[in-house]
Amino acid sequence: MFAPDSRIVERVVPSPNHGERRGVARPDMLLLHYTGMPDTGVALEKLCDKASGVSAHYFVSEDGSVVQLVPETRRAWHAGEASWAGETDINSRSIGIEIANPGHGWDYRDFPNVQTEAVIALCRDVLTRQPILPHRVLAHSDVAPARKQDPGEKFPWDRLAAAGIGLWVEPEPIADDGPVLTMGDHGPKVDELQARLADFGYGTDVTGAYDAPTRDVVAAFQRHFRPARVDGIADRSTLKTLARLSAARAR
Ligand SMILES: [Zn+2]
């Protein structure tokens, strides 16, 4: 048993799945997940089962109750194989929050208001303790675009941003006008897109070829920042939203 890091925590349910943070004194990323399981209780059990080898620092149920599984000082096991801004040991650098939702594989649904309010309160609380910049509040899909879709396009990042959590700009509306970049395209415009995505933090190789990994990164970007359409096609709305976000981060 350990003392919770936050007053928002209703219950501590210790998970054995954690270790020492490596190479960093303090976490500087906040990573949000959905559980991706139809049963909330089973999802929580899995995160506390030694055999599963996975965990997170916090777990937020549909009813907004918050459980802490791993102390913030410790390295929880939630990111898996991942990359952001050239770093690959995302677990050492991050706080992980699991949000109960069946996810795309089952019955992906809107996050209840009371749950979103609890996530907002918890994130704000974490951010008072840990030196995490807005552009490092991320989705699991951002750091593992080929493997992960969580917390997905239904997650209300705009509401979090309105509460001071994370980087957000109003997405450029989808107009279905002008050229798009898509699978099979080659050339300097693809180069430029890949360079912009990599500069933002995504683990994209700049190859000039719009291949499946590029499509997956574009889809991850859309899931987080242009959720009205997630198709992995870089249309004008996607490009403009990315440019605007990059500019907002630089300010
Ligand atoms: Zn996840």
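Could you figure out which of (1) over 15 Å from HIS18 (Cβ atoms); (2) in contact with a Leu (Cβ under 8 Å, 6 or more places away or on another chain); (3) of a type in the set (Val, Ile, Thr) isn't true of THR88?
Status for THR88: all satisfied but (2).
Which number in (1) over 15 Å from the mean Cα position of the chain (by Cα); (2) open to solvent by 40 Å² or more (accessible area, probe 1.4 Å) marks the one condition that GLN68 misses?
Here GLN68 meets the rest and fails (2).
For the range 137-161: of the residues being more than 16 Å from the ligand (Cβ to nearest atom) and either open to solvent by less than 10 Å² (accessible area, probe 1.4 Å) or touching a helix residue (DSSP H, G or I) at 6+ places or on another chain (Cβ under 9 Å) (or both), which is nearest to GLU72 (Cα to Cα)? Reasoning before the result, please.
Keep residues of the range 137-161 that are more than 16 Å from the ligand (Cβ to nearest atom), which gives 156, 158-161.
Pick out the ones that are also either open to solvent by less than 10 Å² (accessible area, probe 1.4 Å) or touching a helix residue (DSSP H, G or I) at 6+ places or on another chain (Cβ under 9 Å) (or both) and you get 156, 159-161.
Details: PRO156: 24, ARG159: 24, LEU160: 21, ALA161: 23 Å.
This residue is LEU160.
Within the range 176-188, does at least one residue satisfy the condition of being open to solvent by 60 Å² or more (accessible area, probe 1.4 Å), outside any helix (DSSP H, G or I), at pLDDT 95 or above and within 23 Å of TYR34 (Cα to Cα)?
No, the range 176-188 has no match at all.
Find the residue count for the range 93-120, including only residues that are surrounded by 15 or more Cβ atoms within 10 Å (Cβ to Cβ) and touching a Pro at 6+ places or on another chain (Cβ under 8 Å).
9
Please enumerate the residues belonging to the range 214-230 that are part of a helix (DSSP H, G or I), open to solvent by less than 10 Å² (accessible area, probe 1.4 Å) and not aliphatic (A, V, I, L, M). Steps first, answer last, please.
Going through the range 214-230, the residues part of a helix (DSSP H, G or I) turn out to be 214-225.
Now drop any that are not open to solvent by less than 10 Å² (accessible area, probe 1.4 Å), which leaves 214, 217-218, 220-222, 224-225.
If the condition is that a residue be part of a helix (DSSP H, G or I), open to solvent by less than 10 Å² (accessible area, probe 1.4 Å) and not aliphatic (A, V, I, L, M), then THR214, PHE221, GLN222, HIS224, PHE225 are the ones that fit.
Can you name the residue in the range 8-48 that is away from the ligand (no atom under 16 Å from the Cβ) and basic (Lys, Arg) and, of all such residues, is least open to solvent (accessible area, probe 1.4 Å)?
Per the criteria, the residue is ARG21.
Residues checked against (1) more than 21 Å from GLN68 (Cα to Cα); (2) out of contact with any Ser or Thr (no Cβ under 8 Å at 6 or more places or on another chain):
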position	(1), (2)
PHE111	no, yes
LEU133	yes, yes
HIS140	no, yes
LYS154	yes, yes
TRP157	yes, yes
GLY164	yes, yes
ASP176	yes, yes
ARG196	yes, no
GLY201	yes, yes
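Would you check if there is a residue in the range 231-242 being open to solvent by 20 Å² or more (accessible area, probe 1.4 Å) and either in contact with a helix residue (DSSP H, G or I) (Cβ under 6 Å, 6 or more places away or on another chain) or within 21 Å of VAL119 (Cβ to Cβ) (or both)?
No, the range 231-242 contains no residue that is open to solvent by 20 Å² or more (accessible area, probe 1.4 Å) and either in contact with a helix residue (DSSP H, G or I) (Cβ under 6 Å, 6 or more places away or on another chain) or within 21 Å of VAL119 (Cβ to Cβ) (or both).
Filter the range 60-85 for residues that are within 15 Å of the ligand (Cβ to nearest atom) and farther than 14 Å from ASN17 by Cα and give the result.
Matches in the range 60-85: VAL60, GLU81, ALA82, SER83, TRP84.
Out of all the residues in the range 1-38, which are among the aromatic types (Phe, Trp, Tyr) and in a loop (DSSP other than H, G, I, E, B)? Even if it seems obvious, please write down each step before you answer.
Here is the first cut: in the range 1-38, the residues among the aromatic types (Phe, Trp, Tyr) are 2, 34.
Answer for the range 1-38, where residues must be among the aromatic types (Phe, Trp, Tyr) and in a loop (DSSP other than H, G, I, E, B): just PHE2.
Without any contact (Cβ under 8 Å) to a residue 12 or more places away in the chain, under 24 Å from ALA3 (Cα atoms), open to solvent by 10 Å² or more (accessible area, probe 1.4 Å) and away from the ligand (no atom under 13 Å from the Cβ): does that describe ALA51? Explain how you work it out, then say what you get.
Values: without any contact (Cβ under 8 Å) to a residue 12 or more places away in the chain: yes; under 24 Å from ALA3 (Cα atoms): no; open to solvent by 10 Å² or more (accessible area, probe 1.4 Å): yes; away from the ligand (no atom under 13 Å from the Cβ): yes.
Against the criterion (without any contact (Cβ under 8 Å) to a residue 12 or more places away in the chain, under 24 Å from ALA3 (Cα atoms), open to solvent by 10 Å² or more (accessible area, probe 1.4 Å) and away from the ligand (no atom under 13 Å from the Cβ)), ALA51 does not qualify.
The values are calculated or read from the model by the stated rules, or taken from the named source; none is laboratory data. The model shown is predicted, which means the values in this text are computed figures rather than measured ones. A quick note on method: Cβ atoms are made from the backbone with ideal geometry, for glycine too, and the neighbour counts reach across all protein chains shown. SASA here: full protein model, heavy atoms, side chains in, ligands and nucleic acids out. Shrake-Rupley method; radii C 1.70, N 1.55, O 1.52, S 1.80 Å.
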